[in-house]
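What follows is a short report on a single structure.
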Ligand SMILES: Nc1ncnc2c1ncn2[C@@H]1O[C@H](COP(=O)(O)OP(=O)(O)OP(=O)(O)O)[C@@H](O)[C@H]1O
Ligand SMILES: [Mg+2]
């Protein structure tokens, strides 16, 4: 399998580290030459060498400041680069960090958010809508155009992958990487849209396969994405979409694999983040649904009100609910199944509102008050299980040994932990079930010889304090 790399950056490039170190070591600035100097405010600033005495270099920066730096920490500036930058980084005389960042900025300033480095595409998130870049006219332009002939674009990457697959018969993969909020998921959707365009059928033949593939995105985002500090629609799971093609290059099936959904978020959110989108959209569902699930204001629910963020600017949750249900219709989830899915989502919210107090036995627990009993009963109704069985599963632990089965009471603290563990496991099973359901509905093509895989990981984040609990999704 060959790999086409589609990388997304917001800042420093690790892969350039090596060439940068080599260049720094060979830098031999002479008086009057243009160089890049590290700056605490703007990362890198260019300037002119005023004095060069061995390792000590005096530079007059364009900001007017004069700095004295070590020769090994400065980089030559390529003075031949046009003000609007170059569309392929390999055209730069010096491929070092300041040169690369300067080129990306020059292009970004003129709304050119994509740049190549050979066959790697680098995207800088514009954070504004640029619809003209992605319309069907654009797709038609990139169809069959040689890689590098037109402006850098995700469609060009998808087109190159598609053509390599058709012409050489070799399966392809496109890797999308970058830090959280860089634009990976948006780019993945563009890649998938282009592949659906290339491998789609005529309207008369029915478009179900590619439509299902595309509509799987909003469904998975509703259940696997959440607002974080860095991104209002952050993917909290990894996703590998394998699109299968038949002999004629038409999409004949697809398989979606997901990785490591962040379970801890289901019962633990901190300001200004949010839980998974589906919880809020369900609270904003039409009144008959809200009544059916005994929901209401998201502020009522412990799993949501640990954070003060409930709404997202510019997002209408009731519309999101309708759109998610419509997308579920398209991917082949029946309306009864949709009801069952949302029942589980609502049950998790009710589960979170069960609080525990000390019971009669030593170190035992019981639901604390009327309110907790109400939420326990509602959760049991929605899960369609016996309320007593649910209560036992929260307040007791069953230990099976070789000879006997022992039932142990849990104290209120342990019962709350067991409640959270249940919420997390149920949610992650629901997510896995959704993925299986989508895969079964799209269907696999066992005859398919070639495929294109698109990997959308969830972006790395760096916190002041990095802990397993916030960063890793595999803590139950
Ligand atoms: N090409 C684009 N045009 C306009 N806006 C964009 C584009 N790419 C990304 N964005 C904006 O940036 C936001 C974050 O992008 P996205 O969700 O794709 O990031 P991500 O890299 O997948 O992050 P995470 O790792 O947290 O999932 C989007 O919701 C959108 O507002
Ligand atoms: Mg994402």
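Restricting segment 135-163 to residues that are more than 15 Å from ligand 1 (Cβ to nearest atom) and touching a strand residue (DSSP E or B) at 6+ places or on another chain (Cβ under 8 Å), which is nearest to residue 85 (Cα to Cα)?
148
Scanning segment 178-204 for residues that are in a loop (DSSP other than H, G, I, E, B) and out of contact with any helix residue (DSSP H, G or I) (no Cβ under 8 Å at 6 or more places or on another chain), which turns out farthest from ligand 2 (Cβ to nearest atom)?
Start the filter on segment 178-204 by keeping residues that are in a loop (DSSP other than H, G, I, E, B), which leaves 178-183, 200-202.
Narrowing the set further to residues that are out of contact with any helix residue (DSSP H, G or I) (no Cβ under 8 Å at 6 or more places or on another chain) leaves 179-183, 202.
Working: 179: 10, 180: 7, 181: 8, 182: 8, 183: 8, 202: 32 Å.
Among them, the one singled out is 202.
If I ask for residues that are outside any loop (DSSP other than H, G, I, E, B) and either within 14 Å of residue 150 (Cα to Cα) or touching a strand residue (DSSP E or B) at 6+ places or on another chain (Cβ under 9 Å) (or both), which ones from segment 109-134 would you list?
Step one: filter segment 109-134 for residues outside any loop (DSSP other than H, G, I, E, B), giving 109, 114-117, 120-123, 131-133.
Scanning segment 109-134 gives 114, 115, 116, 117, 120, 121, 122, 123, 133.
When residue 235 is evaluated against the numbered criteria (1) surrounded by 16 or more Cβ atoms within 10 Å (Cβ to Cβ); (2) touching a helix residue (DSSP H, G or I) at 6+ places or on another chain (Cβ under 8 Å); (3) under 30 Å from residue 378 (Cβ atoms), which criterion, by number, is the only one it fails?
(3)
Say whether the condition of being more than 16 Å from ligand 2 (Cβ to nearest atom) and over 17 Å from residue 89 (Cβ atoms) is met by at least one residue in segment 112-124.
The answer is no; no qualifying residue exists.
From the list 261, 220, 175, exactly one residue is buried (at least 18 other Cβ atoms within 10 Å of the Cβ), modelled with pLDDT of 95 or more and either away from ligand 2 (no atom under 14 Å from the Cβ) or not in a loop (DSSP other than H, G, I, E, B) (or both). Which is it? Don't jump to the end; show me each part of the working.
Details: 261 fails: either away from ligand 2 (no atom under 14 Å from the Cβ) or not in a loop (DSSP other than H, G, I, E, B) (or both); 175 fails: buried (at least 18 other Cβ atoms within 10 Å of the Cβ).
That would be 220, the only listed residue that is buried (at least 18 other Cβ atoms within 10 Å of the Cβ), modelled with pLDDT of 95 or more and either away from ligand 2 (no atom under 14 Å from the Cβ) or not in a loop (DSSP other than H, G, I, E, B) (or both).
Can you tell me which residue in segment 93-108 is farthest from ligand 1 (Cβ to nearest atom), limited to those that are surrounded by fewer than 18 Cβ atoms within 10 Å (Cβ to Cβ) and in a helix (DSSP H, G or I)?
106
So residue 445 fits all but one of (1) closer than 25 Å to residue 268 by Cβ; (2) surrounded by 12 or more Cβ atoms within 10 Å (Cβ to Cβ); what number is the exception?
(1)
Can you list residue pairs whose Cβ atoms sit under 6 Å apart, with the first residue in segment 223-248 being without any contact (Cβ under 8 Å) to a residue 60 or more places away in the chain and farther than 18 Å from residue 163 by Cα and the second being in a loop (DSSP other than H, G, I, E, B) and more than 10 Å from ligand 2 (Cβ to nearest atom)? Count only pairs 6 or more apart in sequence or on different chains.
226/274
List pairs: first residue in segment 132-143 and over 15 Å from residue 159 (Cα atoms), second residue assigned to a helix (DSSP H, G or I) anywhere in the structure, Cβ distance under 8 angstrom, at least six positions apart or on different chains.
Between residues of segment 132-143 that are over 15 Å from residue 159 (Cα atoms) and residues that are assigned to a helix (DSSP H, G or I), the close pairs are 132/138.
Checking the conditions here, which among 454, 426 is within 16 Å of ligand 1 (Cβ to nearest atom) and at pLDDT 95 or above? Explain how you work it out, then say what you get.
On the way: 426 fails: within 16 Å of ligand 1 (Cβ to nearest atom).
Only one candidate qualifies: 454.
Take the residues in segment 68-81 that are assigned to a loop (DSSP other than H, G, I, E, B), touching a helix residue (DSSP H, G or I) at 6+ places or on another chain (Cβ under 9 Å) and touching a residue at least 24 places away in the same chain (Cβ under 8 Å), then tell me which one is nearest to residue 37 (Cα to Cα). Give the derivation first.
We begin by selecting, within segment 68-81, every residue assigned to a loop (DSSP other than H, G, I, E, B); these are 74, 77-81.
Still in the list and also touching a helix residue (DSSP H, G or I) at 6+ places or on another chain (Cβ under 9 Å): 74, 77-78, 81.
Next, from what is left, pick out any that are touching a residue at least 24 places away in the same chain (Cβ under 8 Å): 74, 77, 81.
Details: 74: 5, 77: 10, 81: 18 Å.
Within segment 68-81, the match that is nearest to residue 37 (Cα to Cα) is 74.
For residue 398, work out the one condition from (1) surrounded by fewer than 19 Cβ atoms within 10 Å (Cβ to Cβ); (2) at pLDDT 95 or above; (3) touching a helix residue (DSSP H, G or I) at 6+ places or on another chain (Cβ under 9 Å) it doesn't fulfil.
Result: residue 398 fails condition (2) only.
Can you pull out the residues in segment 45-67 that are in contact with a helix residue (DSSP H, G or I) (Cβ under 9 Å, 6 or more places away or on another chain), surrounded by fewer than 17 Cβ atoms within 10 Å (Cβ to Cβ) and closer than 19 Å to residue 100 by Cα?
Passing the criteria: none in range.
Quick check on my filter: what residues within segment 275-287 are assigned to a loop (DSSP other than H, G, I, E, B) and surrounded by fewer than 24 Cβ atoms within 10 Å (Cβ to Cβ)?
Our first condition is that a residue be assigned to a loop (DSSP other than H, G, I, E, B); within segment 275-287, this holds for 275, 284-286.
Scanning segment 275-287 gives 284, 285, 286.
So which pairs qualify, if the first residue must be in segment 317-340 and farther than 17 Å from residue 435 by Cβ, the second must be in a helix (DSSP H, G or I), the Cβ gap must be under 7 Å, and the two must be at least 6 apart or on different chains?
Correct list of pairs: 317/280; 317/281; 320/277; 320/281; 321/281; 321/282; 323/218; 325/338.
Say we look at segment 210-219 and pick out the residues that are touching a strand residue (DSSP E or B) at 6+ places or on another chain (Cβ under 7 Å) and under 15 Å from residue 437 (Cα atoms); which of these is farthest from ligand 1 (Cβ to nearest atom)?
So in segment 210-219, the residues touching a strand residue (DSSP E or B) at 6+ places or on another chain (Cβ under 7 Å) come out as 210, 213, 216.
From what's left, under 15 Å from residue 437 (Cα atoms): 213, 216.
Working: 213: 18, 216: 16 Å.
Residue satisfying both the conditions and the ranking: 213.
Count, please, the residues in segment 154-172 that happen to be part of a strand (DSSP E or B) and either within 16 Å of ligand 2 (Cβ to nearest atom) or more than 18 Å from residue 244 (Cβ to Cβ) (or both). Show your work before the answer.
Residues of segment 154-172 that are part of a strand (DSSP E or B), as a first pass: 172.
Next, only the ones that are either within 16 Å of ligand 2 (Cβ to nearest atom) or more than 18 Å from residue 244 (Cβ to Cβ) (or both) stay: none.
Of the residues in that region, 0 qualify.
Could you check residue 363 against (1) surrounded by 15 or more Cβ atoms within 10 Å (Cβ to Cβ); (2) touching a strand residue (DSSP E or B) at 6+ places or on another chain (Cβ under 8 Å) and say which number it fails?
(1)
The values are calculated or read from the model by the stated rules, or taken from the named source; none is laboratory data. All values derive from a computational prediction rather than experimental measurement. Cβ: placed from backbone, ideal geometry, glycine included. Neighbour counts: every protein chain shown.
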